[in-house]
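Heads up: the structure comes next, in structure tokens.
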Amino acid sequence: MFVWNAYLTRPLRATINSTRWTLPLIHGYWEQRQVSVFGRQLTMTLLARRSRHFAGTRFRKRGLSAQGFVANEVETEQIIDAGIDWATGQPLWAAMVQVRGSVPLFWSQQATPLSPKPDVLLQQFDPIYEKTASHFADLKRRYGNPIIALNLLKSKERRLREVLLRREYAAAVALLNAAAPTDQQIIYIPWGECGNFQWRKANIRKLMTERL
């Protein structure tokens, strides 16, 4: 899903039954830096790649596609290399994968010159959230459990836009969790509920650990 020229190179790959003669094109980002934490040298690597499915510009691509892909999905992995453990001789690695994308519901926005913040239009194409379930099933297939859904949508607005999505998203996750075993349920964290915290004092790592 991250190879943007997969369709163009498919006939060649199928004919020769090999990927050796094709160069996969990835839309993403890579950076690696050496840092020092309390005198200890660490190597930090950041990798990001954008899905080719349902990609597009702001306001024109929102929500889910008919195949269950979310708009503008980006997978980001942070890798920390702390060298070798002198006691065991084992490498010291840590990694975290984060996926961001549009809210996995059927919704849209119609931008106009007179409306820089267009209303959110929720579309009732999927009343039992079948495609939302497909999206989370794909995440579990790729990354395993647990899946942590960190909801960054606003919880308060004068004119309801993100709040509408927030409510519908919470309802979708609740319905999916009700039909899933405890160890398969989505860990849903509505970050907007922490709006009373000052941002610098909010400990998101502690909050996520408490939900695990």
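Within the stretch 126-145, the set of residues being in contact with a helix residue (DSSP H, G or I) (Cβ under 8 Å, 6 or more places away or on another chain) and either of a type outside the set (S, T, Y) or in a strand (DSSP E or B) (or both) comprises D126, I128, A133, F136, K140, N145. Checking each residue in the stretch 80-92 for being part of a strand (DSSP E or B) and surrounded by fewer than 11 Cβ atoms within 10 Å (Cβ to Cβ) picks out only P91. The set of residues from the stretch 4-27 being open to solvent by less than 50 Å² (accessible area, probe 1.4 Å) and closer than 25 Å to E73 by Cα comprises N5, A6, T9, T22. Filtering the stretch 1-38 to residues that are assigned to a loop (DSSP other than H, G, I, E, B) and more than 20 Å from R50 (Cα to Cα) leaves N17, S18, T19, R20, W21, F38. Considering the conditions (1) more than 27 Å from R141 (Cα to Cα); (2) touching a Phe, Trp or Tyr at 6+ places or on another chain (Cβ under 6 Å); (3) not polar (S, T, N, Q), G63 is excluded by exactly one of them, (1).
Here the condition is being over 30 Å from T43 (Cα atoms), open to solvent by 30 Å² or more (accessible area, probe 1.4 Å), without any contact (Cβ under 8 Å) to a residue 40 or more places away in the chain and not β-branched (V, I, T); of E130, E77, E162, E168, it holds for E130 alone. All conditions but one from (1) modelled with pLDDT of 95 or more; (2) open to solvent by less than 70 Å² (accessible area, probe 1.4 Å); (3) hydrophobic (A, V, I, L, M, F, W, C); (4) out of contact with any Gly (no Cβ under 7 Å at 6 or more places or on another chain) apply to W30; the one that does not is (2).
Filtered by the rule that a residue be open to solvent by 30 Å² or more (accessible area, probe 1.4 Å) and part of a loop (DSSP other than H, G, I, E, B), the stretch 98-122 gives G101, F106, Q110, A111, P113, L114, P116, K117, D119. In the set (1) hydrophobic (A, V, I, L, M, F, W, C); (2) touching a strand residue (DSSP E or B) at 6+ places or on another chain (Cβ under 8 Å); (3) surrounded by 10 or more Cβ atoms within 10 Å (Cβ to Cβ), the condition left unmet by F69 is number (2).
Taking the conditions (1) surrounded by 14 or more Cβ atoms within 10 Å (Cβ to Cβ); (2) not in a loop (DSSP other than H, G, I, E, B) in turn, L153 satisfies each one other than (2). Taking the criterion of being outside any strand (DSSP E or B) and either at pLDDT 95 or above or surrounded by 11 or more Cβ atoms within 10 Å (Cβ to Cβ) (or both), the residues of the stretch 39-55 that qualify are S51, R52, H53, F54, A55.
The values are calculated or read from the model by the stated rules, or taken from the named source; none is laboratory data. Quantities reported herein were computed from a predicted structural model and do not represent experimental measurements. Neighbour counts run over all protein chains shown; Cβ positions are idealised from the backbone, glycine included. SASA here: full protein model, heavy atoms, side chains in, ligands and nucleic acids out. Shrake-Rupley method; radii C 1.70, N 1.55, O 1.52, S 1.80 Å.
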